[in-house]
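Working notes, beginning with the structure itself.
The values are calculated or read from the model by the stated rules, or taken from the named source; none is laboratory data. All values derive from a computational prediction rather than experimental measurement. Here the Cβ positions follow ideal geometry from the backbone for every residue, glycine too, while neighbour counts run over all protein chains shown.
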Amino acid sequence: MRGRVQGVGFRPHVHALAGRLGLTGWVLNDPQGVLIEAQGSGVAAFQAALSAEAPPLARIDAVECEAIPPLSSETAFSIRHSLSAGTVATGIGPDATVCPACLAELFDPADRRHRYAFLNCTHCGPRYTITRQLPYDRPQTAMTGFPLCPDCLAEYEDPANRRFHAQPTACPACGPRLSYPPEDIVAALRAGRIVAIKGLGGFHLACDATRADAVERLRRVKQRNGKPFALMVANTESAIRHVWMDAGERALLEGVARPIVLLRRRDDAPELAPEIAPGLAWLGVMLPCTPLHYLLFHEAAGRPDGTGWLDVPQDLTLVMTSANPGGEPLAIGNEEARERLAGIADLIVDHDRDIVIRADDSVVRKLAGAPAFLRRGRGHVPEPIRLAHPVPPVLAVGGHLKTTVCVTRGDEAFLSQHIGDLDNAATLGFLEETVGHLLHILGVEPVAVAHDRHPDFQSTRFAEMSGLPTVPVQHHHAHVAAVMAEHRVEGPAVGLALDGFGLGEDGGSWGGEMLLVDGMRSERLGSLAPLAQPGGDVAARQPWRMAAAALARMGRADEIASRFAAHGPAEGVRRMIERGINAPLTSSCGRWFDAACGLLGVRAVAGFEGEAPMALESLVRQTRVADGTWRIDNGELDLTPLLERLLTVADAVEGAELFHGTLAAALVDWTLPVLSAHGMGRVMLSGGCLMNAILAEELVAGFRAAGVEALLPRLAPANDGGLSLGQAWAASFVL
Ligand SMILES: [Zn+2]
Ligand SMILES: [Zn+2]
């Protein structure tokens with residue numbers, strides 16, 4: 001059997017099933033997965049139940065069966081030792097939250113693990129972030145320094161026990177310890193302190209979400225530039241006081257991966273500090289993902305016995321944000337935390353179980369009816385993405401912002417956790433470390449390194465210094481290829497890449513592209529009309545500059561100074577645009593969004609790229625279309641008339657609704673004739689703009705109405721976090 005079948009209690013499951021059905025034989029872990037020999041009259045039922053009753057963290061990809069002659073010598077069913085020879089082809093699972101059985105023990109005063117912050121079992125707990133190398137055995141994990149006590153050892157060796165071969169198992173007698181008891185941590189949080197808490201993939205910074213003073217201070221010391229903070233609450237019942245959710249969103253929130261889920265805020269929610277997610281209609285919410293988190297909520301609830309309190313709303317609401325000051329990677333070491341978080345955290349809660357590899361929280365949201373990643377990390381890494389066919393081993397190193405790397409092995413692509421923006425040495429170091437760790441635990445020796453075409457990206461330099469053959473893949477080509485890879489689309493396909501910035505084939509700044517992609521070939525069929533980007537990169541954080549460029553395009557440059565003098569050097573910007581000095585042209589969809597924001601006065605100056613469009617999306621209640629406000633000429637889609645129309649709206653809400661609805665309608669109108677000319681019934685949608693739920697939904701609905709299937713990124717982020725997957729897939733066609 002292939003899939004995630006090791007380290008998840010699969011052999012005990014097989015053993016128990018065989019016992020129930022009276023079979024004889026054996027089961028063992030081998031390099032391909034799990035190998036079973038079984039005989040008896042119940043073999044057919046056994047085969048069916050193997051998958052149907054699989055343990056909670058197992059994932060079965062393939063079952064291969066072969067009949068062998070009966071063995072008369074067998075009298076029982078046994079679990080045999082692992083075969084470790086040969087290549088290690090099975091993966092290690094992602095980290096998972098506390099399972100119901102462990103939760104019951106955690107709050108049972110009679111249990112020896114009562115209130116023990118490191119309990120786990122075969123069905124839950126840390127995996128990827130504590131594993132140094134494969135095979136996944138205790139000595140290869142961060143638990144190597146904690147020899148099992150006699151009680152834990154007995155559980156570990158008993159096939160009937162939930163902790164049979166649970167590598168990270170521990171108890172208060174033999175396991176890791178916390179540096180502070182939960183009562184001290186909760187007292188500090190209640191007093192408005194900022195507490196650094198060591199989690200699964202790194203430290204979080206936490207504070208009481210109802211204390212405006214604490215949240216404001218957290219924002220200041222973390223230099224977070226207005227990026228929204230996520231909340232952690234005890235349970236779903238506590239979450240639904242703050243946000244709306246449907247059954248699918250609830251399942252995401254409660255899933256064992258425990259991501260941050262972006263959910264629509266309620267107007268009637270209990271009051272939270274205003275600085276949490278200023279001006280945004282969505283809140284990031286997550287449930288506890290470690291026993292320690294549960295203990296904090298338990299403490300705040302007055303330490304009740306049993307788990308009944310987890311079914312009722314709880315008061316304590318925490319801000320939980322990655323402890324990555326200054327945009328550097330997440331802190332994971334105890335010493336490192338004391339150095340880097342000094343002056344930020346009032347209290348640092350750590351423990352003596354090492355984090356081997358850092359992993360930020362995953363962030364997901366529902367997009368056009370199904371889940372999509374905004375950031376892929378803890379709980380999902382190193383889950384492979386299945387490809388349409390086996391490919392040579394490739395390493396792909398992503399772009400510059402929100403970087404991830406990707407390694408292929410056979411027909412699997414392993415996308416790394418979120419690494420971050422490669423604009424500091426520490427993040428570049430994290431990239432190198434992640435590449436090394438992934439290649440090591442996967443046992444892959446890449447034959448080539450795929451990278452972005454941009455010569456100045458640190459990721460490109462990393463690829464060039466690798467000593468391996470390099471394959472440059474154009475940015476938007478990689479975006480479209482990433483969607484094709486995960487949806488296993490083979491052959492040519494038309495894709496829209498709606499993005500912030502990527503270097504084009506012609507050396508220009510691209511970001512609103514229609515491409516025909518076939519493996520390593522890509523043809524630009526069209527693009528959004530170019531806007532000047534006065535000041536270059538700075539315009540990505542100053543939407544008023546893009547609005548000025550749009551005014552110039554309308555022939556209304558004389559209004560720039562009067563409209564935008566309050567935001568910056570409006571006269572200078574006008575001159576830049578008119579003379580074409582330091583105002584490169586860009587076809588970026590993100591910059592067209594910025595222009596709309598600037599014209600509507602929505603975050604005319606923003607703290608980070610994408611902040612203004614997020615605020616614009618938050619204003620939309622019901623999209624509308626302003627017919628006749630786009631032009632299509634020779635493959636180029638020009639939205640200038642739409643922006644001119646935005647100057648006449650009653651308020652920013654009307655403008656946001658018109659912009660989203662019309663942009664989607666225009667993109668569909670632009671694409672449909674091309675699809676029919678190519679005889680195609682589907683289109684790939686990709687790029688950071690597709691994280692906008694309104695735009696994604698309108699596009700999918702618009703295409704569907706015309707009988708076209710629109711495929712969105714689901715397993716990799718739509719933004720540059722998914723680039724490495726597309727690079728690896730595209731490059732595989734020339735290797
Ligand atoms: Zn458990
Ligand atoms: Zn123990």
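When restricted to residues that are surrounded by fewer than 18 Cβ atoms within 10 Å (Cβ to Cβ) and modelled with pLDDT under 95, region 437-455 contains 2.
Consider region 714-726. How many of its residues are of a type outside the set (Ser, Thr, Tyr) and within 11 Å of LEU415 (Cβ to Cβ)? Give the derivation first.
Of the residues in region 714-726, the ones of a type outside the set (Ser, Thr, Tyr) are 714-723, 725-726.
Going one step further and asking which of them are within 11 Å of LEU415 (Cβ to Cβ), we end up with 715-717, 721-723, 725-726.
Total satisfying the criteria: 8.
So ASP137 fits all but one of (1) among the charged types (D, E, K, R); (2) closer than 19 Å to ALA58 by Cα; (3) more than 16 Å from ligand 1 (Cβ to nearest atom); (4) in contact with an Asp or Glu (Cβ under 8 Å, 6 or more places away or on another chain); what number is the exception? For ASP137, the failing item is (4).
Of all residues in region 93-119, those satisfying the criterion of being surrounded by fewer than 24 Cβ atoms within 10 Å (Cβ to Cβ), within 16 Å of ligand 2 (Cβ to nearest atom) and either hydroxyl-bearing (Ser, Thr, Tyr) or within 27 Å of the chain's Cα centre (by Cα) (or both) are CYS102, TYR116. Determine, yes or no, whether ALA666 is in contact with a Phe, Trp or Tyr (Cβ under 8 Å, 6 or more places away or on another chain) and among the small types (Gly, Ala, Ser). Taking the combined requirement at face value, the residue satisfies it. A single entry from LEU252, LEU283 fulfils the requirement of being buried (at least 18 other Cβ atoms within 10 Å of the Cβ), of a type outside the set (Phe, Trp, Tyr) and within 24 Å of VAL195 (Cβ to Cβ): LEU283.
Within region 98-125, count every residue that is modelled with pLDDT of 95 or more and either hydroxyl-bearing (Ser, Thr, Tyr) or in a loop (DSSP other than H, G, I, E, B) (or both). Going through region 98-125 one residue at a time, the tally reaches 16. All conditions but one from (1) of a type in the set (Asp, Glu); (2) in contact (Cβ under 8 Å) with a residue 60 or more places away in the chain; (3) farther than 19 Å from ALA187 by Cα; (4) not in a loop (DSSP other than H, G, I, E, B) apply to ASP305; the one that does not is (4). Determine whether GLU505 is in contact with a strand residue (DSSP E or B) (Cβ under 8 Å, 6 or more places away or on another chain) and assigned to a loop (DSSP other than H, G, I, E, B). Spelling it out, GLU505 is indeed in contact with a strand residue (DSSP E or B) (Cβ under 8 Å, 6 or more places away or on another chain) and assigned to a loop (DSSP other than H, G, I, E, B).
Look at (1) touching a His at 6+ places or on another chain (Cβ under 9 Å); (2) within 11 Å of ligand 2 (Cβ to nearest atom) and you find that GLN133 fails only one, number (2). Selection of first residues in region 73-85 that are more than 20 Å from GLN39 (Cα to Cα) and of second residues that are at pLDDT 85 or above, restricted to Cβ pairs under 7 Å at least 6 apart or on distinct chains, gives the following pairs, ordered by first then second residue: SER82/LEU28; LEU83/LEU28. Restricting the search to region 632-674, which residues are in a helix (DSSP H, G or I) and of a type in the set (Gly, Ala, Ser)? Result: ALA652, GLY655, ALA656, GLY661, ALA664, ALA665, ALA666. No other residue among ALA166, ALA173, ALA234 is under 27 Å from GLN417 (Cα atoms) and within 16 Å of ligand 2 (Cβ to nearest atom) apart from ALA166.
Checked against (1) closer than 19 Å to ARG524 by Cβ; (2) buried (at least 19 other Cβ atoms within 10 Å of the Cβ), PHE733 passes all but condition (2).
Picking from residues in region 566-602 that are of a type in the set (D, E, K, R) and surrounded by fewer than 24 Cβ atoms within 10 Å (Cβ to Cβ), the one that is nearest to LEU646 (Cα to Cα) is ARG574. When the residues of region 148-186 are filtered to those that are touching a helix residue (DSSP H, G or I) at 6+ places or on another chain (Cβ under 9 Å) and assigned to a helix (DSSP H, G or I), the one that is nearest to ligand 1 (Cβ to nearest atom) is TYR156.
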